[in-house]
1. Among all helices in chain B defined by DSSP H, which have a length of 18 Å or more along the axis from Cα atoms plus a Kyte-Doolittle mean of at least 1.0?
2. Nearest 10 degrees is fine. How inclined is helix A:142-155 to the longest principal axis of chain A, computing both from alpha carbons?
3. Angle check, please: helix A:37-56 long axis (alpha carbons) against the longest principal axis of chain A (alpha carbons), in degrees 0 to 90, nearest 10.
4. Based only on other Cβ atoms within 10 Å, what is the fewest-to-most ordering of B:V162, B:V187?
5. Where a Cα-Cα gap under 24 Å defines reach, which lysines qualify for C:K41, not counting those fewer than 8 residues away within the same chain?
6. Report, ordered by chain and residue number, the aspartates and glutamates lying within cross-link reach of B:K221, taken as a straight Cα distance under 12 Å and ignoring same-chain residues fewer than 8 apart.
7. Using alpha-carbon positions, what is the distance between the centroids of the range B:88-107 and the range C:111-142, in Å?
8. Can you give the average number of partner chain beta-carbon atoms within 10 Å of each beta-carbon in peptide D:105-112, as a whole number?
Amino acid sequence: MNFRTLLAIGGLSIAFSAPAQEPIRVGSFLAVTGPAAFLGDPEQKTLELYIEKLNAAGGLLGRKFQLFAYDSAGDAEKARGYVKRLIEQDKVDVIVGGSTTGETMAAVPLAEAAGTPFISLAGAVVIVEPVKKWVFKTPHTDRMACEKVFVDMRARGATKAALISGSGGFDRSMRAECLKVAAKNGIQIVADESYGAGDTDMTAQLTKIKNTAGVQAVLNAGFGQGPAIVTKNYRQIGISAPLYQSHGVASKQYVKLSGDAAEGVRLPAAALLVADTLPDSDPQKKVVTGYKRDFEGRFKQEVSTFGGHAYDGLMLAVEAIRRAGSTNKAAVRDALESIRGYVGTGGVVNMSAQDHMGLDLSAFRMLEVRNGDWMLVK
Amino acid sequence: MAFSAGALPSASSKALAGLARRKGLAALALAIALLPLALPNNYTYEIAILVGLNAIVCVGLNLLVGYAGQISLGHAGFFGLGAYGSAILAARYGWPPLASLAAATAAVALLAWAIGRPILRLRGHYLAMATLGFGIIVSIVLATEDRITGGPDGMAVPPLTVLGFAVSGEKTWYWLVGALLIASVWVAQNLIASPRGRALRALHGSEFAAGALGIDAARHKLSIFVVSAVFAAAAGALTAHYAGFITPAKASFLHSIELVTMVVFGGMASTYGAVLGAAVLTTLPQFLTVFKEYEMVLLGAVMMLTMIFMPQGLAPTLARALGPALEKLLAAARRKPV
Amino acid sequence: MLLRAENLSRRFGGVAAVQEVCLELEAGAVHSIIGPNGAGKTTLLNMLSGIYRPDSGRIFLEETELSSLPSHEFAAAGIGRTFQNLQIFFNMSALENVMAGRWLHERCSLGAALLRLPGLARAERRCRDAAAALLESVGLGRWLDADSDAMPYGALKRLEIARALAAQPKLLLLDEPAAGLNATETGEIDALIRTLAARGITVVLVEHNMKLVMEVSQHVIVLDYGRKLAEGDPRAVSEDRRVIEAYLGTDAQ
Amino acid sequence: MSSALAQYLLAGLTLGAIYALVALGFAIIYNASHVINFAQGEFVMIGGMAAAVFVESGLPLYLAVIFSIGTATLVGFALARFAVEPARGASVVTLIIITIGAAILLRGLATLVWDKKIHPLPAFSGDQPIVLGGATLLPQVLWVLGATALAVALLSWFFNRTLTGKAMLAVSHNRLAAQLVGVSVRRVLLVSFALSAALGALAGILIAPIAFTSWDAGVMLGLKGFAAAILGGLGSGPGAIAGGLALGLIEALGAGYLSSAYKDVFAFLIILAALVFLPNGLFGRRATERV
């Protein structure tokens, strides 16, 4: 008898002894540490919190949920390894994870090959375009963010804009998308600067933008401390054109870091950021205030839209399993694709065979910093 | 001075070394042949394959760092260039992956030769800085030229095909990587046991004395620099084709440090040490991941404690500890009538 | 004339270590370079072996000019040496140290080394035998497989000589081979130098032990403050008044 | 001088001053032990993070600064005492791996003791930009430049006028000789780590109001500081300062006039070129080895 037969017998005996109590296995790989930790950290917390809540409420289909979560540290190779572990060893029913686009794209071929429903929490449009059979995503795409910003720029009479972006995956991807869709939205990009990871001063780049003729608005694609430094430097050297940030800094922390310099900065973001000021008629009001209360109550830290993406991902998976009535992977996948009108923290999701994200521009709200807080721009 | 200063890897347990050359290779082959019995699923195969690919890089890097005593903190640059070179030729220009792999490796060899000529004149920490700078330049270029490389989010890489057959599935890859690792170790040990290998070790021992024996330091350093770059580039290209995906993180400064750490951790100037170092440091995070937020602290602590208590690295320390016992055992076996 | 050096000079910072030194070394003889500490003996030796490039002056070995070449070219031309501060390859065994010395005669291509082509294995056996014989000949037979870092100082001194001899030099530069040795060991070095000379190897000896110098050399060169003070046969030099003055009170041997 | 150039120069000087402080830390430890301390960047992080957290907990800024420098100094001392010293006699590469392990450990500890968030530190004297020759600067920049100059002056007094400082210089010139005249090489090692940690922490505190701080803020600053130390010539104090300022200026001017995406590439290319022509850096001692 060899090792493998032993293992197989072991596996069988477990399967026979407890068929009904077999939990629903939710797999996750997130950048809990590393440079994208500010994404992975709230995402992980959200998943843990809601798996606990779901189980406390009795689980689903008479089964409890079990979370298998690994820290990929934002490293695509690690992510690949863990996804294999989730699929092969932990035998998960669905994967909700992938904080960054790089991690997600490294995992996509594995999920596709194994036929495991995979809901990504990363931003770039390449994840769902072209559509991949088993891959879905919850956050808005970077292309939508560009379009939302460009539409707002035009509304304020600007046609010539400058870009400044970081060197990370999110930043570079958004920059590329913005360059692609600028002309279509009537915006001409007249300056295109970047800064590196860990850079401490962007006045050189901004001075160059300031001295570029005709700049009427500036868009900064990036996350982490970079955008806050850009914001401070922007005010320091006295550029008067309006400054836009990306949804990458959609958290209170950005406002706190930038201080007064953030006043008047606009950015496209999900309703979650302005949960309390949403009118009661807003369809998302209930969901976003509920999530905000749960998260902030448990972790004593402010919500970010990133945690919201994880919430949406988990809830979509739960909804799909509920609709499918089992954890049969193909059935769950089909159910995911058929979800319409699901109200999440990111917007109202309408999935289809052609759209594995299901959000449109209306899901993005244009926010502005006023008196140290995010406000909806009417 | 600097890097070669301090304790040189000792030549002790030489009786073992001679034995190790033939028997060690056989033992490695046996281990690779038997390991699948302990690999229950494709995930564990994946880890084994990554260990093998990292070990190939480390065996090559050890020739440079451990034997020739020249530091490189930029080998991830070669790894990344091999990976991206092959990926780009295959994905964007439609080359058959085996040809793209060979072409990328050859191109990296040429590049290593070109940059090695000026920078290998530097010593110790200055050489470390120069190689580090090279690596950083490579990773920035790979991340910035996103139209060709896909940027920081990486790019998809077509699977490896040999004579029209796609190499796919973890098991196939396992045997391929296993065979390549054995070949790498064999080649590295051949080199070490040759006059050229002695010349390299002589350079490490004393560059003055080596020169006085007619050994051309510049030429030898350059040739071993190129050889180790070829190991890294080929392993990089293989990794890319295996994973089907590559990101600039594999060319980063942190990955370079990781590679050197594997070599030193396993034990410098020991080919099996390099393999052991790669195996331990590749699998360790997989175990530590269950400790979640303590993972980083534990990894750092393991690295520090190992190097404090086994400054020569794992393999030489183990060899010294087990060596006498092993010799006694062999002697006893010899005494017994067969 | 085996080696000719013209007007060699070398400065370090503000210090002129060697100034305008000319040398003519007859083949087959033992030449000694003596002088007080700091006289420039080792600097001169370093120039003769290509480790330092002279600021000015030229070096010829059998009419081939070596002046601006790197040290390994000096070795290839036939100049071998040992070092005042031991430069043993402590990462190798005694035998491997000597085998490394055979590089000029046992080199191989990178391809042959990587693939261990059959010819290489044979050459390696030859190399090993030659190295073992050399170690025997300097009286290190019992240290053959020893780790060099485990050998006593006296043995290491002879190991360096064996290693230098492995390259089959025409000219062997010995930098203080008897320094730190006791009388018996010095006697062995004395005998060894005589054997080398008898085998037709030209020797340059830098040494503080005057007894050894007087016994083995045919030709003595005296340096003082980087300049050549005197030269000639040992007796003539030892009676030279300037030499006695330079040495007065500095060296009781 | 155009206002753009003035702005670039200012940005470069500010960056350069921080790099110089980090580079000085590398130089001091290198001189005392021939170790390249890859945890130097973590000292910077500890300084910034500790100060930010102390301020958040309600401490006045000056106390937060003193306490955080003290914290970092203790960490530096502990690193030397419990990790580097027990491994004395190990090869230099082994020691480097130990410091890399220490860097990982310290980053991990920072996420546990504090958190993974980015923290601001209030500027020492406000955020109102000062206009100067067409360029604008934050008052914090004056603090950075002033404190760096003061630190350099104090260091030069310490090394040239105090017994401990002189002992440290002696060890860097000739360890054996220093030992023979009664200098405790062990003590020099401990002092050098503590001093470097304090300097690193100072850099971290000075830059935090400009660039914020977080558990991984030390990685890039450590790397750039190492590059600056090498460019200037390892072990040379003036070299570390010159290397730091040069690196900062190259980056800012490269970003301003060439390409901001490739500014680090220019910086490293210039360092490579400099090393090819000056293999011991700008101010490095020529290594003359006795044979």
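The numbers here are math on the coordinates, done by the rules we state, and not lab data. Computed from a predicted model, the values in this text were never measured in an experiment. Cβ: placed from backbone, ideal geometry, glycine included. Neighbour counts: every protein chain shown.
1. TM-like helix candidates: B:42-62, B:97-119, B:124-144, B:217-243, B:253-266, B:271-288, B:295-309.
2. Its long axis makes an angle of about 30 degrees.
3. 40
4. Listed from fewest to most nearby Cβ atoms, that is B:V162, B:V187.
5. Hits, sequence-local ones excluded: C:K157, C:K170, C:K211, C:K228.
6. Within the straight-line limit of under 12 Å, B:K221 reaches these aspartates and glutamates: B:E207.
7. 42
8. Whole-number average of other-chain Cβ neighbours for D:105-112 is 6.
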